[in-house]
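Engineer: Below is a structure I'd like to ask you about.
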Amino acid sequence: MRYSIQFDTSGLSAMKKSDMNAVIRKAYEKIGEHWHRYFRARHFSNQAYQEYGYQPRSKSYNWRKLKYLKHNLPLVFTGRSRDLSKSRNVYATKNGVSITMPVRAFNFRRTAKAPDMQKEFRTVSDRERIVLHGVGQKVIEKEITKFGRRRAKV
């Protein structure tokens, strides 16, 4: 998953560019951790069809899942991908955040009718976007305040 937000950093001329990049990188890291902790699991729930606009599955596929596996959760067949997605590597830069998870089943070649599971899993809803922006904004404000206090003591 790759995610980036625009932050307004005008009026912060006291900070060096490298300091500001470090602040933004930290904000993106927190955004990635927040998404993984609170929003990742939603992709494997029934509400994901509406919230993320998942492609509807065929009736026969849904029937087979319900009959043999006793569930009808999106992006879950055996549950291995859901379990593998719990481990992650968050890599933040000044331009965005990448979250790497070892979910290999989403990379399988798909047919024309099959849903693009990788795209579905990477989708961020509008509601999540607002929350993630708020998380990043809080981190930036906190880090800039800490930077100001650190500069005043010198």
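Engineer: Would you be able to say whether some residue in the stretch 122-135 is in contact with an Asp or Glu (Cβ under 6 Å, 6 or more places away or on another chain) and outside any helix (DSSP H, G or I)? Spell out the reasoning first.
Structural biologist: Start the filter on the stretch 122-135 by keeping residues that are in contact with an Asp or Glu (Cβ under 6 Å, 6 or more places away or on another chain), which leaves 125.
Now narrow it down to the ones that are outside any helix (DSSP H, G or I): 125.
Among the residues of the stretch 122-135, at least one is in contact with an Asp or Glu (Cβ under 6 Å, 6 or more places away or on another chain) and outside any helix (DSSP H, G or I), which makes the answer yes.
Engineer: Next up: Report, by residue number, each residue of the stretch 101-114 that is part of a loop (DSSP other than H, G, I, E, B) and surrounded by 15 or more Cβ atoms within 10 Å (Cβ to Cβ). So that I can check it myself, show each step before the final result.
Structural biologist: Looking only at the stretch 101-114, we keep the residues that are part of a loop (DSSP other than H, G, I, E, B), and these are 101-103, 108-114.
Passing the criteria: M101, V103.
Engineer: OK, next. For the stretch 33-40, does any single residue satisfy the condition of being under 19 Å from I140 (Cβ atoms), among the charged types (D, E, K, R), out of contact with any helix residue (DSSP H, G or I) (no Cβ under 8 Å at 6 or more places or on another chain) and at pLDDT below 90?
Structural biologist: No, because not a single residue in the stretch 33-40 is under 19 Å from I140 (Cβ atoms), among the charged types (D, E, K, R), out of contact with any helix residue (DSSP H, G or I) (no Cβ under 8 Å at 6 or more places or on another chain) and at pLDDT below 90.
Engineer: Among the numbered conditions (1) more than 23 Å from V124 (Cβ to Cβ); (2) at pLDDT 90 or above, tell me where G53 comes up short.
Structural biologist: (1)
Engineer: From (1) farther than 18 Å from V124 by Cα; (2) in a helix (DSSP H, G or I); (3) among the hydroxyl-bearing types (S, T, Y), pick out the condition that doesn't hold for Y38.
Structural biologist: The one condition Y38 does not meet is (1).
Engineer: Moving to a separate point now. Taking Q55 as the residue in question, decide whether it is part of a helix (DSSP H, G or I) and polar (S, T, N, Q).
Structural biologist: No.
Engineer: Restricting attention to the stretch 70-112, and to residues there that are among the small types (G, A, S) and touching a Pro at 6+ places or on another chain (Cβ under 9 Å), which single residue is nearest to Y49 (Cα to Cα)?
Structural biologist: Among them, the one singled out is S85.
Engineer: Give the stretch 100-120 a look and list any residue that's of a type outside the set (D, E, K, R), touching a helix residue (DSSP H, G or I) at 6+ places or on another chain (Cβ under 8 Å) and more than 19 Å from Y61 (Cα to Cα), or say none.
Structural biologist: M101, P102, V103, N107
Engineer: Quick one: which of T93, T145, T111 is at pLDDT below 85, among the hydroxyl-bearing types (S, T, Y) and within 22 Å of D19 (Cα to Cα)?
Structural biologist: From the options T93, T145, T111, the qualifying one is T145.
The values are calculated or read from the model by the stated rules, or taken from the named source; none is laboratory data. In this text, all values refer to a predicted model and were calculated from it rather than measured experimentally. Backbone-built Cβ (ideal geometry, glycine too); neighbour counts: all protein chains shown.
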